[in-house]
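The values are calculated or read from the model by the stated rules, or taken from the named source; none is laboratory data. Everything quoted here is computed from the prediction, not taken from an experiment. Note that each Cβ is placed from the backbone with ideal geometry, even for glycine, and that neighbours are counted across all protein chains shown.
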Amino acid sequence: MTNNVIISTNIAQTLTDTIEHIAHDKLFLLADQTTYEQCFPVVKHLSCLRHAQPIVIGATDACKTLDTLAQVWKAMSDGGATRHTLLVNLGGGMVTDLGGFAASTFKRGVKYVNIPTTLLSMVDASVGGKTGINFNGLKNEIGVFNAPETVIIDTEFLRTLDHDNILSGYAEMLKHGLISNESIFTQLLRFDVDHVDYKTLGEMVGTSVAVKERIVEEDPLEHGIRKALNLGHTAGHAFESWALTRKPVLHGYAVAWGLICELYLSCVQTGFPMEKMRQVVHFVKENYGLLPITCNDYDELYGYMTHDKKNTADTINFTLLGSIGNILINQTARKEEIFQMLDFYREGV
Ligand code: GLY
């Protein structure tokens, strides 16, 4: 499974070259209502997309369903797609995950290209070949690993994002900083997310996505080191599921809160420096606030952790850190340790 990621400053040329180099008969372009209105106009005029058949689906994670997937399959089938058809996904993580899965399953698999338009999908979702949909109330419950032919990142699309979506993607960048090295980590904590310098952010996207690419190349199917990318996600997914039945939150917010929890566990279990953890806690609280859980929510949150794909019935698995860049996969915590972690999350340092 290869990941060909191109950071482009000329999307017209990059997309044209990419489409010309992938042999195909028909071409489909998948977007959601938002990216169809805000991002498609940037590429619509290109002659390489002259014959592309657009498929437009609802925006937001609530649309990442079997019904939407069937809508995409049907549009491809009605549009005469064959095994040699190419699908271009233009959008955030919902579009690239669902579109990647549609492409991976249609006629046993057609090629696809991702053009991520959100920060979260640029640095994480569009890269690495995890595709899928939500099912039965569970996120990404159904899916396959299957990498896109190419990922084209044009950081100009970041200008279309609101502050919450910048912060959502930024949490995954923080995670990449924590699992890589001090200099990336320090730059991330110093960056002013309230007054975004898009040129610097664009450069930081390149650094961040390279962290993910290296890990995915080494372990595409998540047998080992790819689990590093799950830092913050065991607790994060539990927060996200908890919020889903109350007031849904963006994925990256849940990851930011999950990082507080899992860096705390790293401090108490694997010797992560307290001072670094405090810096992250401060950054997260300052920018993301906190999800208002109480101790009455602990059992429910623990229940979500036991449902996570990474866990067996009675052990909760975490990726922890010994220090920045020192990744320790397959760590476990008992229920009482997880409750202490949640106490720390609520009450702070
Ligand atoms: N988002 C984590 C991964 O791609 O493995």
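Here is how the numbers come out for the structure above:
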item	result
Residues being in a loop (DSSP other than H, G, I, E, B), surrounded by 23 or more Cβ atoms within 10 Å (Cβ to Cβ) and among the small types (Gly, Ala, Ser) - total across the stretch 216-238	1
Test: residue in the stretch 32-51 that is touching a helix residue (DSSP H, G or I) at 6+ places or on another chain (Cβ under 7 Å) and assigned to a strand (DSSP E or B)	yes
Lone qualifier among LYS227, LYS175 - being among the charged types (D, E, K, R) and either more than 21 Å from GLY129 (Cβ to Cβ) or in contact with a His (Cβ under 9 Å, 6 or more places away or on another chain) (or both)	LYS175
Contacts under 7 angstrom Cβ, first residue in the stretch 208-226 being closer than 17 Å to LEU188 by Cβ and in contact (Cβ under 8 Å) with a residue 40 or more places away in the chain, partner within 9 Å of the ligand (Cβ to nearest atom) and hydrophobic (A, V, I, L, M, F, W, C), 6 or more apart	VAL209/VAL127; LYS212/VAL127; LYS212/LEU229
Extreme residue, farthest from GLU286 (Cα to Cα), among residues of the stretch 190-221 that are away from the ligand (no atom under 16 Å from the Cβ) and aliphatic (A, V, I, L, M)	MET204
Scan of the stretch 239-278 for residues that are closer than 22 Å to HIS163 by Cβ, assigned to a loop (DSSP other than H, G, I, E, B) and in contact (Cβ under 8 Å) with a residue 12 or more places away in the chain, ordered by number	PRO248, VAL249, LEU250
Test: residue in the stretch 181-203 that is touching a His at 6+ places or on another chain (Cβ under 6 Å) and polar (S, T, N, Q)	no
Identity of the residue in the stretch 257-291, crowded, with 24+ Cβ neighbours inside 10 Å and small (Gly, Ala, Ser), that ends up nearest to the chain's Cα centre (by Cα)	GLY258
Residue in the stretch 105-133 that is farthest from the chain's Cα centre (by Cα), counting only those that are away from the ligand (no atom under 15 Å from the Cβ) and surrounded by fewer than 24 Cβ atoms within 10 Å (Cβ to Cβ)	LYS107
Some residue of the stretch 128-136 being in contact with a Ser or Thr (Cβ under 8 Å, 6 or more places away or on another chain), assigned to a helix (DSSP H, G or I) and touching a residue at least 60 places away in the same chain (Cβ under 8 Å)	no
Filter result (of a type in the set (A, V, I, L, M), part of a helix (DSSP H, G or I) and over 30 Å from GLY202 (Cα atoms)) within the stretch 67-121	LEU69, ALA70, VAL72, ALA75, MET76
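This table checks each residue for (1) in a helix (DSSP H, G or I); (2) of a type in the set (Val, Ile, Thr); (3) under 26 Å from GLY224 (Cβ atoms); (4) at pLDDT 95 or above.
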| residue | (1), (2), (3), (4) |
| --- | --- |
| TYR298 | yes, no, no, yes |
| THR306 | yes, yes, yes, no |
| ALA313 | no, no, yes, no |
| THR319 | no, yes, yes, yes |
| GLN331 | no, no, yes, yes |
| GLN340 | yes, no, no, yes |
